[in-house]
Structures are given as structure tokens and as C-alpha cells.
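The values are calculated or read from the model by the stated rules, or taken from the named source; none is laboratory data. Every value quoted in this text rests on a predicted model; they were computed, and no experiment measured them. As a convention, Cβ positions derive from the backbone with ideal geometry for all residues, glycine included, and neighbour counts pool all protein chains shown. When the accessible area is computed, the model is the full protein with side chains, heavy atoms only, and any ligands, DNA or RNA have been set aside. Shrake-Rupley method; radii C 1.70, N 1.55, O 1.52, S 1.80 Å.
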Amino acid sequence: MSIPFGQLEEFGAPVASCVDLHNAKDSRLLRYTDLVRTPKEPLVDCVVEYQNNALLYVVDHARLSGENSKVSQLRHTLAMRGDLAWLGVLKPGCMEIYPTDLNPEAEAKPVSFTNESHYAKTLLPRLAQGEEVAPRSSLRLRDELLALMVDAAQELARYRLTTQEIIALVGRALFFRFLVGRGIVCERHLEDIAPSSSYLNRCFDDKESLAETNYWLDATFNGDLLALPESDYVKYFGRLIEEHGKQLFRPLNAILNLDTAIAPGASQRKLDWKDLEFDHVPVGLLSETYEELVYRFDTNARHSTSVYYTPYHIAEYMVDEAFYGFESGSRSRVLDPACGAGVFLVATFRKLVELRFQETGKRPTRKVIRNILENQITGFDTNRHARTLSALALYLTALEL
């Protein structure tokens, strides 16, 4: 059901900032594809934005049936989107506010605001200015995701693999996991991906499945994936197994199966791979954290090329400002002369597709999206890893859109 925007105005939400996730004609839905992908109701009913980013997710109380477990799961899932937003449960005459949380307490109590209180109209403006109206966890998705990536990379480093191999293997596992998490790849594709494997989550179990999966990734994504030192994958993975045993691939299986991290100290982590919902993790955040992983293991590249990442939400804000009032709109061509892992390119790509939606009133087709990607976006970088990461991020964004 749609939330009447008049009810949200009572709590200080400008109508222009409210995105009805039931309205298929609103181009802003492209910002929330992970919340509206199911054929049933969207995950929440409405999003109140501030500077084009989610500030408050709103859901009608009737959909939650008063069950704390549903509220807790929703808070966790929304936290996977990486923004410091809030969850509002709308009831007649009042709004219950919870912080989104990667590790929510099942019995957490909300902070309630009635529409008759003297400061009801100030609730959304106060949230927009960063006031924490309810206690918020210190866990941040970016930090936890990076820590898990570092765990996996450090575990591979124990087997004396080169930095290039570590970065490539972790990156390929993450990319494949993202395809599975977004529903882009599913069990019916297994025969094309790894016919030797019995299940999709067993694609990293032996040299045959590993080789087939990596050949498929190369063929499907034009060879732009992170390069491994040998092109004969059967021989390459066979040699690694012979030298180190199949336990070498446990970190990759942890990523694919969202299983327990195994690196030293990993047991102290607040979150594990199994706690992540990759169908909601933003592509921009994945690029940002993976770029940081690369330069933790390749410090010479960072110093020689002065590489430092830009947080994805800042990139999105800057792209919005750049396009404001720009006459060419969705026909604009964009150049990023130092694109890094593609955080700005991804934000630009999404913006161009959204603008096309606004201008035509129709959701862009696959052909239109591909045309924008191939003809309107250009990025340069002196670092080969960075260029590859940009290609991966743009692939994922195109598939998601």
C-alpha cells in the first residue's frame, strides 16, 4: 500500500523528497532497485530522501503485524544498503523510529513521535541535520566489509601467493558472489558456468569447477576481469591444490557461501560473511572497499599514483550537483580522467539512466542502458587494477539496472 504523503508532512517531510516505492513511474525507483525487485510488495513503502540519499525508510505498521522479529530483520536488511538512515514505522497519529542496524537487538524499543506533539514537524529536519533521535550502533558496513576482505586476503597470503594472485582471487570471488546475490546468476545457469559442479555454491570446490567458473567469467565479461598469472586455469588451480591442498580455497568458499571467516582474529569480528546480504550491498560501496583492499596489499601503487578513494555517497552527491540544470541531460557525455575503481563512473551511469527515465517517462530498456554505458561514459587511470575494478563496477550496475 502507498503511504499518504500528507501523513509524512506532519513529521516535516517535504512531499518532493518522498519516493513512493509503489509508483512504477517514478524514476527515483532506480535508486532502490534492491527494495522493489520482488514481484510482491516492495520491502518498504516509501523513502524520504535528503540530498537524493535515503534518510528515512517508511513502512506501514500493518505490514509488520507488531512482530519484533520482522522489525529487527528489516533494520538489518536496510543497514546492508550502507547509508546512515532510519526506519520509520507509521501508525495512526504517530511514527516509531528505529536506527537501521547491522546487528540489531531483537527486543529493541523504538522512539515514538505523535503528530500532535509540538516538535513533530521538526522530526525529519532534525534527522537530516544528523541528530540521533535513538541510540545507534557503531558498526559500519564499509568497515566490516573491508575487514572481511582483508581476512580472506591475509589467509591467502599465508600460502605465499603473489599480491596479484590474492587481489585477483578475492576480487573474482566477490564478483561472482555479487552476481549470485543480485539474482543475476542462479542454479539454472549452472550448466553453462560449471558443468562439473553439482550446485552453484560448490563452484570453488575443486580445480575443474574453479577452472570452468573462471573461464565462464572471462568469456562473459569480455576478459576485463582481474587477471590471474596463468591462462590455463585447469593447470593453474591444479598446481595450487597440489602445492597447498584444497584448504587454500577456503577463503573463497567463505565469500561464495557467506560462511565463517577463518583468518587469525576473524572470530573477533562483529559480522561474518554469513551476515551479509549481497542483494542489498551497493555497487559503489563494493568498489570503494575493494579499492581500499587493493592498496592495503599494494602500498607502492598508492604512493606512486596518489590513489585515495572517495566515499560513494560523496561521489553521488557531487554527480547530482554536476548535473543540476545541465541542458544536455541524459544525452551528456562524461569523462573521469582519474577514475580509480569507478565510484564516480558508477554514480554518473546511474544518474544518466535516471535522467533518461525522467525525460521519456519510461524505464530505460536494456538496449538504452547498454548504449549509455558504451557511448557516454569514459574513464582513464594509470593503474591497471583500477581500470579493471571500474569495468567490474559498471558491469554490475548495468546488470542491476
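Structure data summary
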item	result
Per residue accessible area in Å² of segment 1-115, where ligands, DNA and RNA are left out and the probe is 1.4 Å	42 Å²
Table column - 3J(HN,Hα) (Hz), segment 231-243, Karplus curve with 6.51, -1.76, 1.60, x for Gly and Pro	8, 8, 5, 4, 5, 4, 5, x, 5, 4, 5, 5, 7
Rg(Cα) / (2.2 N^0.38 Å) computed for the chain, rounded to two decimals	1.03
Those lysines that a straight Cα-Cα span of less than 28 Å connects to residue 91, excepting residues fewer than 8 apart in one chain	25, 40, 70, 109, 121
About the Cα centre, charge dipole magnitude for the chain (Lys/Arg +1, Asp/Glu -1 at Cβ), debye	420 debye
Relative packing of 310-321, 49-60, which averages over residues the other C-beta atoms within 10 Å, highest first	49-60, 310-321
Nearest 10 degrees, 0 to 90: helix 283-297 Cα axis against the chain principal axis	40 degrees
Hz values of 3J(HN,Hα) by residue in segment 132-141 - Karplus curve (6.51, -1.76, 1.60), Gly and Pro given as x	9, 7, 9, x, 10, 5, 7, 5, 10, 4
Ranking by accessible area, most exposed first, for 86, 216 with a 1.4 Å probe	216, 86
Helix-only mean residue ellipticity at 222 nm for the chain, each DSSP H run of n ≥ 4 adding -39500 (n - 2.57), per residue, nearest 500	-13500 deg cm²/dmol
Spatially proximal aspartates and glutamates relative to residue 362 (Cα-Cα < 12 Å; intrachain offsets below 8 disregarded)	26, 354
Shape box of segment 18-77 [Cα atoms, principal axes, largest first, Å]	32, 26, 17
Rounded D (µm²/s) - segment 78-215, Kirkwood Rh over Cα pairs, Stokes-Einstein at 10 °C, 1.306 mPa s	84 µm²/s
Neighbour-limited loop hits for GluC sites (Glu not before Pro), segment 62-112 (at most 12 other Cβ within 10 Å; DSSP other than H, G, I, E, B)	67, 105, 107
Accessible-area composition of the chain, carbon plus sulfur, in percent [1.4 Å probe]	49 percent
Summed side-chain charge close to residue 283 - residues other than residue 283 whose Cβ falls under 11 Å, Lys, Arg +1, Asp, Glu -1	-1
Among 166-179, 8-21, the order from most to least packed when residues are scored by Cβ within 10 Å on average	166-179, 8-21
For segment 1-110: rounded, prolate or oblate by the Cα gyration tensor [a/c cutoff 1.5]	rounded
Long-range HN-HN contacts of residue 46 with modeled amide H, under 5 Å	21, 58
Residues whose placed amide H lies under 5 Å from that of residue 94, excluding near-sequence neighbours	115
Most mobile listed residue (211, 108, 254) in the chain, GNM with C-alpha springs under 10 Å	108
Highest-fluctuation residue, 226, 285, 217 considered, GNM on the chain with Cα pairs under 10 Å	217
